[in-house]
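The values are calculated or read from the model by the stated rules, or taken from the named source; none is laboratory data. Because the structure is a prediction, the values reported are computed rather than measured. Ideal geometry is used to build each Cβ from the backbone, glycine not excepted, and the neighbour counts take in all protein chains shown. Keep in mind that these areas ignore ligands, DNA and RNA; they rest on the heavy atoms of the full protein, side chains included. Shrake-Rupley method; radii C 1.70, N 1.55, O 1.52, S 1.80 Å.
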Amino acid sequence: MRLQSPQFQALFTPGLRSVAEMFEKKNYELRIAGGAVRDLLSGMTPQDVDFATTATPAEMKEMFTSAGVRLINNKGEKHGTITARLHEQNFEITTLRIDVVTDGRHAEVEFTTDWEKDAERRDLTINSMFLGLDGMLYDFFNGYEDLKNKKIRFVGKATERIQEDYLRILRYFRFYGRIAEKPGVHESSTLQAIKENAKGLAGISGERIWVELKKILLGNHVNHLVQLMYELDIAQYIGLPLDGDLEEFARVTKNVQNLCPKPMTVLTSLFKGKDDITNLDLRLKISKEEKNLGLFLMKHRQELTKAVGPEPLKPYQDVIMDSREANTNSKICELLKYQGEDQLLQELQQWTVPSFPVSGHDLRKMGMSSGKEIGAALQQLRDEWKKSGYHMDKEELLSCLKKL
């Protein structure tokens with residue numbers, strides 16, 4: 001088939017036209033590769049566009065340099081990737097490769113001009129396609145058919161693909177949550193291969209695992225996929241608690257639907273105690289902000305609930321007003337998502353945190369001079385202000401002080 005969609009046509013910027021011209025002059029083949037092809041075939045505009053070519057890195061460097069094109073980020077060169085900058089745009093172009101030796105994390109590669117050999121070393125069929133700049137699709141493993149049928153399959157034998165890079169287990173789950181229409185439609189041989197190789201994830205860095213896990217947590221079918229991780233003995237190798245609270249997880253994943261939660265908000269529902277967050281942090285090296293959010297949700301998820309009466313949001317507002325931390329407001333928003341309180345969440349998002357209207361200066365004008373006395377009076381007034389739902393103004397508070 002030949003693709004000529006508006007999303008495909010939009011890729012042809014002055015930069016890409018210049019790159020295409022240079023490769024054509026030298027008779028080097030250049031095609032769009034991997035995820036960008038999958039997105040274009042799904043009618044989406046790809047965020048990143050990677051290119052593959054028959055030209056070697058040395059040939060590309062020579063071609064770009066002689067044309068005065070700036071090359072950036074030479075770290076990928078030993079793996080065959082050259083990044084050229086033209087017309088304020090970066091183009092990441094990789095020579096076709098064959099994996100010679102793999103250790104489950106890294107691969108030693110050699111270059112090839114065989115497009116099928118390169119496709120063979122990719123993880124999933126939907127990620128193994130190429131698209132010519134004329135719109136021609138090159139699909140060696142029925143990736144387009146799988147994409148249309150919303151089916152996630154490894155290229156060739158699942159066991160071989162997984163053993164080349166164990167992170168592909170999590171990539172399988174991630175793309176399942178992104179592409180598949182229904183939960184639970186897996187090939188039994190794929191699940192068997194995942195279970196037999198789950199231990200390989202123990203050798204993958206926490207940072208790489210966390211990148212994939214976050215995407216799984218925000219995708220579709222997350223409850224089904226995390227349940228599956230426990231069934232297939234994956235959880236223990238990626239920092240999840242052995243006895244995760246799957247019941248609470250199921251409840252919370254339902255609560256947060258359509259509320260755009262943070263990954264940590266979803267994940268915290270698995271945890272029963274602080275040790276679970278400590279262990280997750282040790283394994284995945286989560287950020288301080290993520291760790292603090294998890295601890296905050298764990299502390300407040302049960303006892304901080306809406307008030308009965310006309311001001312249901314008040315208990316949450318009180319926590320924000322009493323806190324000395326800048327980001328408590330956003331943590332409370334995540335708590336409301338966790339609890340499934342979408343109406344209160346909307347109200348909180350529209351609420352502007354009020355400023356306490358009385359200062360020490362106001363009290364000094366009333367004749368107070370002792371710092372201790374001023375501090376105590378301010379605290380009393382703050383309590384009164386809180387009781388009023390933060391509605392009392394300066395005048396009302398100061399007249400209230402005369403009565404106290």
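Points worth noting:
- Phi-based couplings in Hz for the range 132-145 (Karplus 6.51, -1.76, 1.60; Gly and Pro marked x): x, 6, 8, x, 6, 8, 10, 9, 8, 10, 6, x, 5, 4
- Length-normalised contact order of the range 1-147 in % [C-alpha pairs under 8 Å, at least 6 apart]: 25 percent
- Charge sum, other residues only, whose C-beta stays under 14 Å from E289's C-beta, Lys/Arg counted +1 and Asp/Glu -1: +2
- Dipole of the chain, positive direction: furthest Cα of F64, G15, L378, with charges on the beta-carbon: L378
- 26 Å Cα-Cα threshold exceeded, pairs from K291/K372; K150/K331; K157/K199: K291/K372; K150/K331
- Trypsin sites (Lys or Arg not before Pro) within the range 252-361, DSSP loop, no more than 11 other Cβ atoms inside 10 Å: R324
- Each Cα pair under 8 Å and six or more residues apart adds its separation to the average, and for the chain the resulting relative contact order is 9 percent.
- Surface calculation, 1.4 Å probe, protein heavy atoms: T65 sits at approximately 90 Å² accessible.
- Helix 168-179 vs. the chain, principal-axis angle (Cα, 0 to 90°, nearest 10): 70 degrees
- Sequence of I98, I179 from largest to smallest accessible area, 1.4 Å probe: I98, I179
- The angle between the Cα long axis of helix 206-217 and the longest principal axis of the Cα atoms of the chain comes to about 80 degrees, rounded to the nearest 10.
- For M1, solvent-accessible area (1.4 Å; no DNA, RNA or ligand), Å²: 100 Å²
- On Cα atoms only, tilt of 246-255 relative to the major axis of the chain in degrees: 80 degrees
- Whichever aspartates and glutamates have a C-alpha closer than 13 Å to that of K151, once near sequence neighbours (fewer than 8 apart) are set aside: E181, E187
- Measuring nothing but protein heavy atoms, the accessible surface of the chain at 1.4 Å probe radius is 47 percent carbon and sulfur.
- R382 sits among other residues whose Cβ lies under 12 Å from its own Cβ, and their net charge, with Lys and Arg +1 and Asp and Glu -1, is -2.
- Surface accessible to a 1.4 Å probe, per residue, for the residues of the chain, Å²: 52 Å²
- Of the GluC sites (Glu not before Pro) in the range 102-196, the ones in a loop by DSSP (not H, G, I, E or B) with at most 15 other beta carbons within 10 Å are E181, E187.
- Net charge of neighbours whose Cβ lies under 13 Å from the Cβ of Q9, counting Lys and Arg as +1 and Asp and Glu as -1: +1
- Computed magnitude of the charge dipole of the range 1-147 (debye, nearest 20; Cβ of K, R +1, Cβ of D, E -1): 480 debye
- Of the labelled figures [x] 26.6; [y] 31.1; [z] 20.9, only one reflects mean projected area of the Cα convex hull in nm² as derived from the coordinates, namely [x].
- Nearest-10 value in Å² for the accessible area of S287, using the 1.4 Å probe: 50 Å²
- Efficiency of FRET between E247 and E303 - r from beta-carbon atoms, R0 25 angstrom, step 0.05: 0.80
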